[in-house]
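Q: The structure under discussion is supplied below as structure tokens; questions concerning it will follow.
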Amino acid sequence: MTQVASIEAPASMDHWDEFADFIEQQSAVYLGTGKRNYSLRLACEEIISNIVRETLDEQSQGQVVQLTISTLLGVINREHWLQVLIQDNGPHFDPHLEVDRDVDVNQPLENRRPGGLGLFLVQKSVDKVDYVWTDSRNCYLLWMRLAEPANDEA
């Protein structure tokens, strides 16, 4: 995979527009308009909002939690992929993305337990999602399959 763009800023609502604009621009370039673009933006915004919310205590104690978002392109097993890598240096938080969530989306809000719906949406919005804790960083990798370029013979 080859990194094509990146942004880094403190993980706070003060930088929300920068993060959202970056994701929107990258989604438009590589996915065009439509459902897949919206789905990737939804998944990214859910991960970013979780990071911002989960690091409030650290930020209030003076620790700067940095959030980095990178887009990568590549071909794996003859399939063309866009990856969005979201990383932060906050506390270790494994969302167990490898576990399918069983969420009753028809259940009324007042009967729902808090939590879980956002990560369910992340899992359903992208083609693949991974999490790894490495080098004291949370790393979320969101995968979107791309249409094969018309002139690509590989």
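Q: Going by average Cβ neighbours within 10 Å, how do the peptides 122-129, 54-61 rank, with the highest at the top? Before the final figure, lay out each step's value.
A: Values: 122-129: 18.4, 54-61: 13.8.
Top to bottom by mean Cβ count within 10 Å: 122-129, 54-61.
Q: Which residues' amide hydrogens lie under 5 Å from the amide hydrogen of ALA5, considering only partners 5 or more residues apart or on another chain, with H built in the peptide plane?
A: THR71
Q: What percentage of the solvent-accessible surface of segment 30-104, computed with a 1.4 Å probe over protein heavy atoms, is contributed by carbon and sulfur atoms?
A: Numbers: 1920 of 3990 Å².
Taking all protein chains in place, segment 30-104 shows 48 percent carbon and sulfur surface.
Q: Counting only heavy atoms of the protein chains, get the accessible area per residue of segment 1-40 (1.4 Å probe) and round it to a whole Å² value.
A: Numbers: 2420 Å² over 40 residues.
That works out to 60 Å² per residue.
Q: For GLU79 and GLU58, what does the FRET efficiency come to when R0 = 30 Å and r is the distance between their Cβ atoms, rounded to the nearest 0.05?
A: Details: r = 38 Å, r/R0 = 1.26.
In this case the efficiency is close to 0.20.
The values are calculated or read from the model by the stated rules, or taken from the named source; none is laboratory data. Since this is a predicted model, take the numbers as computed values, not measurements. Glycine gets a Cβ as well: all are built from the backbone with ideal geometry, and neighbour counts include every protein chain shown. Heads up: the accessible areas ignore ligands, DNA and RNA and are worked out on the full protein's heavy atoms, side chains in. Shrake-Rupley method; radii C 1.70, N 1.55, O 1.52, S 1.80 Å.
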